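Comments concern the structure below.
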Amino acid sequence: MSLSIIILAAGSGTRMKSSTPKVLHKICGEELLFYSIEVAMQLSDDIHIILYHQAQRVREACESRFKDRVHFHIQDFENFAGTGGALMQNGEMIDTAHKRVLILNGDMPLITSHSLQKLISLSSPVVLGVIESKKPFGYGRVVIEQGRVKAIIEEKDACEEVKKICTINSGVYVFDKEVLCKFLPLLDNHNAQNEYYLTDIIKLSASDGIEVESVLVDEEEFGGINDKAQLSQAEEIMLNRLRERAMREGVIMHLPQSIYIEKGVRFEGECEIEQGVQLFGNTLIKDTHIKAHSVVRDSQIISSDIGPMAHIRPNSFIENSHIGNFVEVKNSTLHSIKAGHLSYLGDSEIDEGSNIGAGVITCNYDGKSKHKTKIGKNVFVGSDTQLIAPITIADHTLIGAGSTIRKDSKEGDLLTSRAEQKNLANGYFAFFKDKK
């Protein structure tokens, strides 16, 4: 179907009480507006985003993700405020490529293309998604008489009788473009908010004898986000979707309600995720067991076991390895290694067969720059060792426990660096002789 899509993203979102534009707030690691754009891209090749509040910031965020796949329009808010004004430039309908137009809001992250397909498949010149709500306060009421939609009346303009109506506007519409072109110039701002209401086109259409068809839609899916409580509620719903999808695709999850997964996380092969795990960003987990309360962010982990309580920070690649409890890895490539306990491996490359003892630290930061630690094959690093980067440890090197290593090694070397131990006879008693 030839369809243009307009996404309304101009509002300031004052109820969010944040300097961040509402549509750039995130759930499960992705901006609210991006969810709307991604759904739109499944339905159309002609997508328009209406901006105003912090327009440049929102536009730059969208362009960094979607490049030139969307068109941007800045609302003339001073002259044409409101949802109707959002669709106008110089008082006329913005130019779209197709004769059928779907209008969405930029704060609807839970909406699906399947549900939108039900609306756009209808042939009526005007199609309106409606919700039967137990809490209609704050929303536009849909006035239906003798089975026909007659008008949408906004909360601030509604009389007490209209406020009793529980059928509310979802904010999603499908219009024939000619309907918009005909009625947008006829809108006025003679209302409680001094705005041009897109919803007034419903009344104008009905009065003109144009069929307005209403479709009952799911309140949870079509609900917008206006404050941080609703943001949190939407994230929980999205988390349930992501967790359920992963489990249906074969991932084992222990106490799934305690597991946090962002939208960019991918699972492949046989994976097991224990309770309290947090998986962030662009992360790949393949044939891997992530144990309880571990954190992984923007990394790839293949055929490994991680944790419990390990922390894998961005840009790490781990394969065929064991990373144990309280081990932190950052910006490192680890092939077939073991690091069982209490270590920090930052900006490092460690090759197969190497064993990293408890308490090993790669000292990668000198106060100005980060430096690389390279460890070859079959290296044994004893417990409580400090590796002062930049440094290269050759294959088959043995490092004694408690060493501070500053120089590169050659293959086969044994490295030790320890202060001489002195045993002073009766030193204990001499030290505490004055203590009673």
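Values in this text are rule-based calculations from the coordinates and carry no lab data. None of these values were measured; they are calculated from a predicted model. Ideal geometry is used to build each Cβ from the backbone, glycine not excepted, and the neighbour counts take in all protein chains shown.
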Listing 162, 295, 39 by rising number of other beta-carbon atoms within 10 angstrom, fewest first, gives 162, 295, 39
Radius, Kirkwood style, for the range 1-133 when every pair of distinct Cα atoms is counted (Å): 15.4 Å
Out of 430, 146, 346, whose Cα points farthest toward the positive end of the dipole of the chain (charges: +1 Lys, Arg; -1 Asp, Glu; placed on Cβ)? 430
Which of rounded, prolate or oblate describes the range 198-304 when judged by the alpha-carbon gyration tensor and an a/c cut-off of 1.5? prolate
Report the full-extension gain for the segment residue 159 to residue 189: residue separation times 0.36 nm, less the Cα-Cα distance, to one decimal in nm. 9.0 nm
Output the antiparallel fraction of DSSP beta bridges having both residues in the chain, as a percent to the nearest 5. 20 percent
Charged-residue dipole, Cβ positions (Lys, Arg, Asp, Glu), the chain about Cα centre, Debye nearest 20: 1720 debye
Across 26/67; 263/286; 22/368, pairs whose alpha-carbon gap is larger than 27 Å: 22/368
Ranked by how many other beta carbons lie within 10 Å on average, peptides 194-200, 269-275 from highest: 194-200, 269-275
Per-bin percent of Cα-Cα distances, the range 228-415 [5 Å]: 2, 9, 16, 21, 16, 12, 9, 7, 5, 2, 1, 0, 0
Over the Cα atoms, compute the radius of gyration (one decimal) and Dmax (the largest Cα-Cα distance, rounded to a whole number) for the range 289-383, in Å. 11.9, 36
Using modelled amide H (1.01 Å from N, peptide plane; none on Pro or chain starts), what sits under 5 Å from the amide H of residue 72, excluding residues fewer than 5 places away? 49
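Give me the percent relative contact order of the chain, please, defined on Cα pairs under 8 angstrom at least 6 residues apart.
Relative contact order of the chain: 9 percent.
Nothing charged except the Cβ atoms of Lys and Arg (+1) and of Asp and Glu (-1): what's the magnitude of the dipole of the range 4-222 about its Cα centre? Round to the nearest 20 debye.
380 debye
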For the range 4-222, what number results from the quotient of the Cα radius of gyration and 2.2 N^0.38 Å? 0.96
Between 51, 402, 295, whose Cα lies farthest towards the positive end of the dipole of the chain when Lys and Arg beta carbons carry +1 and Asp and Glu beta carbons carry -1, centred on the Cα centre? 402
Highest mean packing first, using Cβ neighbours within 10 angstrom, the peptides 97-106, 40-49 sort as 97-106, 40-49
J(HN,Hα) series, the range 301-316, from Karplus relation 6.51 cos²θ - 1.76 cosθ + 1.60, nearest Hz, glycine and proline x: 10, 10, 6, 9, 10, 10, x, x, 6, 8, 10, 9, 8, x, 6, 10
Rank-order 367-373, 380-386 by packing density, defined as the average count of other C-beta atoms within 10 Å over each peptide's residues, highest first. 380-386, 367-373
Express in % the proportion of alpha carbon pairs of the chain at distances exceeding 31 Å. 55 percent
Please turn the phi angles of the range 210-220 into ³J(HN,Hα) values with the Karplus equation 6.51 cos²θ - 1.76 cosθ + 1.60 (θ = phi - 60°), one per residue in order, whole Hz, x for glycine and proline. 7, 5, 10, 9, 9, 10, 6, 10, 6, 5, 5
Taking the 0 to 90 degree range and rounding to the nearest ten, how far is the long axis of helix 228-248 tilted relative to the main principal axis of the chain, both from C-alpha atoms? 70 degrees
Can you list the HN-Hα couplings for the range 66-79, worked out from phi with the Karplus curve (6.51, -1.76, 1.60; θ = phi - 60°), rounded to whole Hz and with x for Gly and Pro? 10, 6, 9, 8, 10, 9, 10, 9, 9, 5, 7, 5, 5, 9
